[in-house]
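The next block holds one structure in the form of structure tokens; read it before the comments.
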Amino acid sequence: MRRAIVAERPQFQRRQYEFAAHIRAPDGCPAPDDIEDRRMAIYRNLFFNNLYNLLSGSFPVLRKIHEAEKWRRLVRQFMTQHRARTPYFLEIPREFLSFLESGYTFQDDDFPFLLELAHYEWSELAVSTSEAKNDLDAVHSEGDLLDGIPVLSVLALPLSYTYPVHRITPDFKPVVPDAEPNCLVVFRRADDETAFMQLNAITARLLERIRNNNDAHSGRELLLQLAAEIQYPDSAALVAHGHQAMQEMRASGILLGTRKI
């Protein structure tokens, strides 16, 4: 049935499909007839190099830790096998991540942290380019974080990984996951600079509670709930430590202050 549908396309559409298929996979799909290879090479190189440069800039650590030919093969596989749902350049990195998550067949020589590192680098890009805006008119920037309702920036993204993705470099490529989760929050500051903060497990859980605080609990209530949840022996001490952590997150721009009521 599919062949019949393809055969019914007008000739100019068939040539367009042939042209696009050859651009994506020149080794497996012949170029349309009567087009000089020198001319086709211009398009082959233009399309591939644009995508290669875009992904290399969006995933700089991934690019640096891979040998050049391995990275080129990965980009080519994405170009050949994935069908993107958007033409926008800023959304192509998310398409690449989707490809790794569901369309890529992992090889024996792939890094075990490949998917986590790709997600982390995409998260940094997503936060840095987000068009979301905080409603600062609804926030007391200097509000009491214990008695008030803490407000998380919409430009702060809590994350958790089994590998220390924030430390990976060409000289540090872990082969086994850490015993404890690597809790991070990627955020954009008021000066539009993107940064990250590493959190311990308790602070990460506190941030999760702040993020999902649909019942509008105060910071103190959230901390007391957290103390009960993890059976912390000294709830007063946890409240004190949690208050300090919230103040540090407000100073960094992760928390904006407290909600106006």
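Data overview
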read-out	value
18 Å Cα-Cα reach of Lys70 towards lysines, excluding residues that sit fewer than 8 places from it in its own chain	Lys173
Cα gyration tensor shape for region 68-114, rounded if a/c is under 1.5, else prolate or oblate	prolate
Linear extension gain, Gln107 paired with Thr86, 0.36 nm per residue minus alpha-carbon span	4.8 nm
Asn45-Ile261 pseudo-label distance in nm [points 7 Å out on the Cα-to-Cβ vector]	6.7 nm
Computed magnitude of the charge dipole of region 147-261 (debye, nearest 20; Cβ of K, R +1, Cβ of D, E -1)	220 debye
Base-10 log of normalised Debye intensity for region 86-199 (one unit scatterer per alpha-carbon) at q = 0.11, 0.12, 0.13, 0.19 Å⁻¹	-0.48, -0.56, -0.64, -1.11
Rg and Dmax [Cα atoms of region 180-219; Å; Rg one decimal, Dmax integer]	12.1, 33
For the chain, with +1 on Lys and Arg beta carbons and -1 on Asp and Glu, the positive-most of Asn49, Leu256, Pro158 along the dipole	Asn49
Estimated FRET transfer efficiency when R0 is 22 angstrom, pair Ala237-Ala201 (beta carbons, to 0.05)	0.85
Extreme residue, positive dipole direction of the chain, given options Pro60, Thr105, Ala237 (C-beta unit charges)	Thr105
Where labels lie 7 Å past Cα in the beta-carbon direction, separation of Asp192 and Gln225 in nm	3.6 nm
Stretch gain in nm, segment Asp147-Ala216, where the contour uses 0.36 nm per residue and the Cα spacing is subtracted	23.7 nm
Fraction of accessible area attributable to carbon and sulfur, the chain (%, probe 1.4 Å)	50 percent
Principal axis dimensions, largest first and in whole angstrom, of region 172-259 by Cα	40, 35, 22
Mean ellipticity per residue at 222 nm, deg cm²/dmol - from DSSP H runs of n ≥ 4 across the chain, formula -39500 (n - 2.57)	-15000 deg cm²/dmol
Total charge dipole magnitude, the chain, about the Cα centre, Cβ charges on Lys, Arg, Asp, Glu only, Debye to nearest 20	1020 debye
Per-peptide average of other Cβ atoms within 10 Å, ordering 174-181, 217-224 highest first	217-224, 174-181
Label-point separation in nm, Ala251 to Glu36, each point 7 Å along Cα→Cβ	6.6 nm
Förster radius 30 Å - calculated FRET efficiency between Glu208 and Lys173 (Cβ-Cβ, nearest 0.05)	0.55
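The values are calculated or read from the model by the stated rules, or taken from the named source; none is laboratory data. Being a predicted model, the structure only gives us computed values, none of them experimental. Heads up, the Cβs are rebuilt from the backbone with ideal geometry, glycines too, and the neighbour counts pull from every protein chain shown. Accessible surface areas use protein heavy atoms only, side chains included; no ligands, DNA or RNA. Shrake-Rupley method; radii C 1.70, N 1.55, O 1.52, S 1.80 Å.
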